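*Asks:* Would you mind keeping the following structure in view while I ask a few things?
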């Protein structure tokens, strides 16, 4: 039987190659930074989630070493047996304070956090109402839960139900879903704070207004916002001026907050206490390593003392978005450092996006093409990600190369 499976997979893998959909992994031979080394070539990196440039920050590296020296390499245990150190409690307190929540609980990743939050809290008589473009980890977390499910059309706050002309299926607005779920015991609205493929930011004010109108809980995965969105970098709830109105926040330490690994759920003390006793990814996974904990504590200390990095990131983002729009590229508008360069309007857009990314690498700029199934068919793109580690000359260089390659391939 395994032979048949391997033969089937070989055929399917070749099909991915033929369709230009195979996900190649480029090998980085240096620390994560604005400039990295790939195949012996130094290139500018414009596709990492290293929003604040902290992935190879000297202070974080020092804090990580000190945590290893003082607390060891690993705990070899889950939290409730013998895997909780004093530094874990320190980090949980700092995460809660930074996000403006009562308490928090650590996980080995935000994927695990999203896998942990729904099943312990919601049962068959409850409802989850989820944005149609939510992250895969939210989708998988919901699948583990017995609650009834509604999916609302991305960003649609209305009470409407219409037929999608492309699929022929009915699509609903958030208020319509809440109306249909009115008899459920608990109702939870689940959304990304920032949607990672488009860089668009959830309408959290409208969501919170509807949640209060229909007595619902608001859950936000803020992985692509914690540390830099909002005036002091607290996240999309600060950006949208709804701090104190979001009930549950999940986030990662693997992006702006140091870039290594780990995640957290921040919520009320009651929710966190319940999850410590019932969340399976917490109860059955090793605790977050001391090196990650020590560095993340330092990261939050840095971000709590100054907005310099988030301010620089904002300036870099505005500069890049403005120049690329003026050059004639098809860019999804917004304020986020995720800047999608869209290829859907061009013939054979999947191949064009891959060819564009390859040419950019030859020019010294590392970007990646995204295609189905990571994004819908016909929505191929190069997702450019700006960092506070980029200097003005880095931004100028990237713009220059984008324009050069765009002209060579007949896009602009």
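The values are calculated or read from the model by the stated rules, or taken from the named source; none is laboratory data. A quick note: this is a predicted structure, and the numbers were derived from the prediction, not measured. With ideal geometry, Cβ positions are generated from the backbone for all residues, glycine too; neighbour counts draw on all protein chains shown.
*Asks:* Kindly indicate whether residue 288 is in contact with a strand residue (DSSP E or B) (Cβ under 7 Å, 6 or more places away or on another chain) and either without any contact (Cβ under 8 Å) to a residue 24 or more places away in the chain or under 29 Å from residue 141 (Cβ atoms) (or both). Walk me through it before giving the result.
*Replies:* Details: in contact with a strand residue (DSSP E or B) (Cβ under 7 Å, 6 or more places away or on another chain): yes; either without any contact (Cβ under 8 Å) to a residue 24 or more places away in the chain or under 29 Å from residue 141 (Cβ atoms) (or both): yes.
So residue 288 passes the test.
*Asks:* State whether the residues of segment 122-139 include one that is part of a helix (DSSP H, G or I), in contact (Cβ under 8 Å) with a residue 12 or more places away in the chain, closer than 18 Å to residue 190 by Cα and touching a helix residue (DSSP H, G or I) at 6+ places or on another chain (Cβ under 7 Å).
*Replies:* There is at least one residue in segment 122-139 that is part of a helix (DSSP H, G or I), in contact (Cβ under 8 Å) with a residue 12 or more places away in the chain, closer than 18 Å to residue 190 by Cα and touching a helix residue (DSSP H, G or I) at 6+ places or on another chain (Cβ under 7 Å).
*Asks:* Go through (1) in a helix (DSSP H, G or I); (2) within 24 Å of the chain's Cα centre (by Cα); (3) under 12 Å from residue 152 (Cβ atoms) and name the single condition residue 178 misses.
*Replies:* (2)
Conditions tested, residue by residue: (1) within 21 Å of residue 113 (Cβ to Cβ); (2) in a helix (DSSP H, G or I); (3) at pLDDT 95 or above.
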position	(1), (2), (3)
150	no, no, yes
157	no, no, yes
162	no, no, no
189	yes, no, yes
198	no, no, no
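Residues are listed down the side, and each one gets a yes or a no for (1) more than 24 Å from the chain's Cα centre (by Cα); (2) surrounded by fewer than 13 Cβ atoms within 10 Å (Cβ to Cβ); (3) assigned to a helix (DSSP H, G or I); (4) assigned by TED's automatic domain parsing to the domain that holds residue 360:
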position	(1), (2), (3), (4)
65	yes, no, yes, no
68	yes, no, yes, no
73	yes, yes, no, no
76	yes, yes, no, no
84	yes, no, no, no
91	no, no, yes, no
97	no, no, yes, no
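*Asks:* Restricting segment 321-356 to residues that are assigned to a helix (DSSP H, G or I) and modelled with pLDDT of 95 or more, which is surrounded by the fewest Cβ atoms within 10 Å (Cβ to Cβ)? Talk me through it step by step, then tell me what you get.
*Replies:* Filtering segment 321-356 for residues assigned to a helix (DSSP H, G or I) gives 321-327, 349-356.
Add one more test, that the residue is modelled with pLDDT of 95 or more, and what stays is 321-327, 356.
Details: 321: 22, 322: 11, 323: 17, 324: 21, 325: 13, 326: 9, 327: 16, 356: 23.
Checked segment 321-356; the qualifying residue surrounded by the fewest Cβ atoms within 10 Å (Cβ to Cβ) is 326.
*Asks:* Right, another one. Find the strands (runs of 3 or more DSSP E) located wholly in segment 208-301 whose residues include 1 or more that are modelled with pLDDT under 95 and more than 20 Å from residue 84 (Cβ to Cβ), and list them.
*Replies:* none
*Asks:* Hey, among the residues in segment 27-58 that are in a loop (DSSP other than H, G, I, E, B) and within 17 Å of residue 401 (Cα to Cα), which one's nearest to the chain's Cα centre (by Cα)? Explain how you work it out, then say what you get.
*Replies:* Pass one, segment 27-58, residues in a loop (DSSP other than H, G, I, E, B): 27, 29-34, 39-40, 46-57.
Next cut, within 17 Å of residue 401 (Cα to Cα) only: 34, 46-47.
On the way: 34: 19, 46: 16, 47: 13 Å.
That would be 47.
*Asks:* For residue 103, state whether it is farther than 30 Å from residue 176 by Cα and crowded, with 19+ Cβ neighbours inside 10 Å.
*Replies:* It is true that residue 103 is farther than 30 Å from residue 176 by Cα and crowded, with 19+ Cβ neighbours inside 10 Å.
*Asks:* Quick one: how many residues across segment 363-393 are surrounded by fewer than 17 Cβ atoms within 10 Å (Cβ to Cβ), touching a residue at least 24 places away in the same chain (Cβ under 8 Å) and not in a loop (DSSP other than H, G, I, E, B)?
*Replies:* Adding up the residues that qualify gives 1.
*Asks:* Can residue 370 be described as over 19 Å from the mean Cα position of the chain (by Cα) and under 30 Å from residue 18 (Cα atoms)?
*Replies:* No.
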